Amino acid sequence: QVQLVESGGGSVQTGGSLRLSCTVSGYTYSRYCMAWSRQAPGKGRERVASIDSAGTTTVLNSVKDRFTISEDNAKNTLYLQMNSLTPEDTAMYYCGAVREGGTCAFGTWDWGQGTQVTVSS
């Protein structure tokens with residue numbers, strides 16, 4: 001079964017940067033899609049960024065100029081570089097992998113437990 005473990009979260013001040021990492025094991029669907037999602041207090045989850053089998057990335061409009069998603073397949077690791085952070089970025093961040101047959105847009109996902117990102121004013 002797929003296991004995803006996030007790390008790299010923490011508390012930073014506005015304007016700071018963080019790089020989140022997600023180590024993946026047991027993933028046999030790398031040809032499909034991996035993504036980062038986040039959930040702020042009192043809000044639903046939203047897709048932050050994704051990367052498909054061709055390396056094409058999709059990033060949430062509100063963070064597109066500040067966040068970058070990448071992956072190192074040899075290390076089975078997914079990354080999310082976050083720059084110029086603002087309090088609006090405060091959330092629990094999760095990494096996920098779509099199951100066989102899925103796409104970045106549609107599919108069944110496996111998710112990690114998340115890593116907390118807190119940005120203070």
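Working from Cα pairs under 8 Å separated by at least six residues, relative contact order for the chain is 36 percent.
Taken along the Cα-to-beta-carbon direction at a fixed 7 Å, the label points for residue 47 and residue 5 span 2.8 nm. In the context of the full set of protein chains, residues of the chain present 53 Å² of accessible surface per residue (probe radius 1.4 Å, heavy atoms only).
Dipole size of the stretch 51-121 about its Cα centre, with +1 on Lys/Arg Cβ and -1 on Asp/Glu Cβ: approximately 40 debye, rounded to the nearest 20.
Can you list the residues of the stretch 83-100 with backbone N under 16 Å from a point 7 Å past the Cα of residue 13, pointing along Cα to Cβ? Residues passing the 16 Å test: 84-87.
Between residue 28 and residue 75, the simple label model (points 7 Å from Cα in the Cβ direction) yields a spacing of 2.7 nm.
Annotation note: chymotrypsin sites (Phe, Trp or Tyr not before Pro) in the stretch 37-121 located in DSSP loop regions with a Cβ neighbour count of at most 14 within 10 Å are 106. Taking N as the residue count of the chain, its C-alpha radius of gyration divided by 2.2 N^0.38 Å amounts to 0.99.
The values are calculated or read from the model by the stated rules, or taken from the named source; none is laboratory data. Quantities reported herein were computed from a predicted structural model and do not represent experimental measurements. Cβ atoms come from the backbone with ideal geometry, glycine included; neighbour counts cover every protein chain shown. For accessibility, only protein heavy atoms count, side chains too; no ligands or nucleic acids. Shrake-Rupley method; radii C 1.70, N 1.55, O 1.52, S 1.80 Å.
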